[in-house]
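So the structure is just underneath, and the comments pick up after that.
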Amino acid sequence: MPDIDDARTPKLGDPQLRAAAAVRDMRQKLEVERGRQHAPVAIVGMGCRFPGAHGLEAYWRLLLEGRDAITEVPAARWDCSALYDCDPDAPGKSNSIWGGFIDEVEQFDAEFFGISAREALSIDPQQRLLLETAWRALEDGGLVLDQLPRHRTGVYVGISTNDYASLLAQRRGRAWIDGHAALGNSVAVAAGRLAYTFGFQGPTLSVDTACSSSLVAVHLALRALRWGEIDVAMVAGVNLTLTPELTISFSKAHMMAADGRCKTFDAAADGYVRGEGCGVLVLKRLDAALHDGDRIRAVLLGSAVNQDGSSNGITAPNGPAQSTVIRSALADARVSASQLSLIEAHGTGTALGDPIEAGALADVLRDHDAPTSAPWLASVKTNIGHLEAAAGVAGLIKAALCVERGQVPAHLHFNALNPLIAAADFPFRVPLSTEPLSGIDGRRIAGVSSFGFSGTNAHVVLEGPPAPSPTAAIQGPQLIAISARDGDALHQLVETTCTRLAEPEMKFAEFARSLTTGRNAFRHRLAVCATSAPEGIEKLRLARPALAPEAPPVALLFTGQGCQYPGMAKGLMAEEQFRQTIARCDAVMD
């Protein structure tokens, strides 16, 4: 039998053993790094305000009902008839009188956000819209500001235009300029104001890559979360069309559809229509969201960004670059193109852009085995127009709702495939009505594209939320608690809450719990107990509000700078609650 001390057997401390241990350690670290580089990220909150849709549920209803939210330009914006000419080359004129607009863009609850009425007048409505929509996204996620890691929360905002300053200059001259004007109309401050208002101290960026801005912002947030730079990300896109100058310019470039409809991939495609709105996402790493018990709407698997480079024109799309960015995003997500169930296309509806995008997508699909069924291909621009800097987040929110709820809404204005797109090279299905999204191998996976006329392309891959763990059903009476900063706002909130409770798909117990535990509390309050949604509605409308007392101004000072004196705090020690607290502190210090 060989001796265990045989010279050929490596001994503890032997260079061979140390080298082998080092290799194992490096491999383990490499696997951890690889896992972090591809870590999935959860969407835990969403908020939106788009043409024809104030809020997520309204947006989803608009999509399911196949509604077109495009209207004539409101008179409050500009006199579209005075600027119209069917000839897109007519000087100073536009060949479109259409657009996707949101209502009451001039309205803003400045006091709620601690902003004076005077300052609010100098703030770009895009910044005001961001604040309101971000608050809705936090509420959707049941996220209370005081419970967020503010120093580890980042803000990423896609924003390109700034019509407000020029609008005020036209109407009031230079007299409108005050000390708030510079900050109120700075694109950089659009993201900074969110961080300032909510107290976030992580990376704060305003991103401008034109039409792909908000999806590039998602990409940057995804990377920051994976690398541990932040724990929570607020990502947004915003766009408002307050003046006609850009519309006139796009008409001159022959980009605008005369009938004001994005006829994406259709033979009649002749341009797009401008739209406006705002969308906000709140993101966490998936493992953190699961640990915190957050409701997960969808999971971001991967993303990629690239540039067209030298193409046949600075605004012209580049097919190979689009194929590359989609392949890179799929690789980052660690899925194949054959697993895609849905593609939310950039889909502007231009005669040049649609065939290039369809060809790029088809090239990517040809890289892999044919999918079990052709993926759905659609674009929300057919409903609400091209939201430019907010277009990417509008498409991503739509895709997130699709993979969450297992449905694909109709793609509007599609009658016949664009003849520049070969039918044999079009391995997609275009939904003409709401269709089920069953997924492949149990996974509903979608890709979202956004291509900026700056040449910057972005693609994001996401899938539906993980299956919820089995939990006991919530039974018995539920507490419904709501609050606001003043009485009028509380009254409006009662009506909004009753409207939500009346929705057929409302899960009463879950909604009641989210109202009670997932909202910031304000002084004007109202609470009722109910066992059903109808009972909750009846009681809310009869309940009398209460005013919570203000926190007492208490300050205790025990400095270490020579201000002590014998018997200090002796009187306080006579109080039981204070004495018990000091005893607990003493035990902790020991």
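The values are calculated or read from the model by the stated rules, or taken from the named source; none is laboratory data. Not measured: the values here are computed from a predicted model. Neighbour counts run over all protein chains shown; Cβ positions are idealised from the backbone, glycine included. These area figures cover heavy atoms from the full protein model, side chains too; ligands, DNA and RNA do not enter into them. Shrake-Rupley method; radii C 1.70, N 1.55, O 1.52, S 1.80 Å.
Leaving out ligands, DNA and RNA, what percent of the accessible area of the stretch 348-458 is carbon and sulfur, probe 1.4 Å? The nonpolar share, carbon plus sulfur, comes to 53 percent.
Let me know the shape class of the stretch 330-464, please: from the alpha-carbon gyration tensor, a ≥ b ≥ c as square roots of the eigenvalues, rounded when a/c is under 1.5, otherwise prolate if a/b is greater than b/c, or oblate.
Verdict is rounded for the stretch 330-464.
A Förster radius of 56 Å combined with the Cβ-Cβ distance from Arg584 to Gln37 puts the calculated FRET efficiency at roughly 0.80. When only the Cβ of Lys, Arg, Asp and Glu is charged (+1, +1, -1, -1), the dipole of the stretch 378-491 relative to its Cα centre reaches about 120 debye. Its Cα gyration tensor gives the stretch 306-400 an equivalent ellipsoid. The semi-axes, each the square root of 5 times an eigenvalue, are 21, 18, 13 Å from largest down.
Within the straight-line cut-off of under 13 Å between alpha carbons, the aspartates and glutamates reachable from Lys252 are Asp85, Asp87, Asp89, sequence neighbours fewer than 8 places apart in one chain being disregarded.
Ranked by the mean number of other Cβ atoms within 10 Å per residue, highest first, peptides 93-104, 501-512 order as 93-104, 501-512. Taking Cβ atoms as reference points and 12 Å as the exclusive limit, the residues near Asp425 contribute a net charge of 0, counting Lys and Arg as +1 and Asp and Glu as -1. Per residue, the chain exposes 47 Å² of solvent-accessible protein surface, assessed with a 1.4 angstrom probe and all protein chains in place. Under a model in which nothing but the beta-carbon of Lys, Arg (+1) and Asp, Glu (-1) is charged, the chain shows a dipole of about 940 debye around its Cα centre. Using a cutoff of 8 angstrom between alpha carbon atoms and counting only pairs six or more residues apart, the relative contact order for the stretch 136-275 works out to 30 percent. Entry note, the stretch 438-532: relative contact order of 32 percent, from Cα contacts under 8 Å with a spacing of 6+ residues. Annotation: amide H-H contacts under 5 Å for Gly275 (H modelled 1.01 Å from N, sequence separation of 5 or more, or interchain): Gly100, His386, Leu387, Glu388. Value of Rg to Rh for the stretch 44-91, rounded to two decimals, is 1.18; Kirkwood radius and Rg both from alpha-carbon coordinates. Projected onto its three principal axes, the C-alpha set of the chain covers 90, 90, 52 Å, listed from the longest axis down. For the chain, the antiparallel share of DSSP beta bridges with both residues in that region comes to about 70%.
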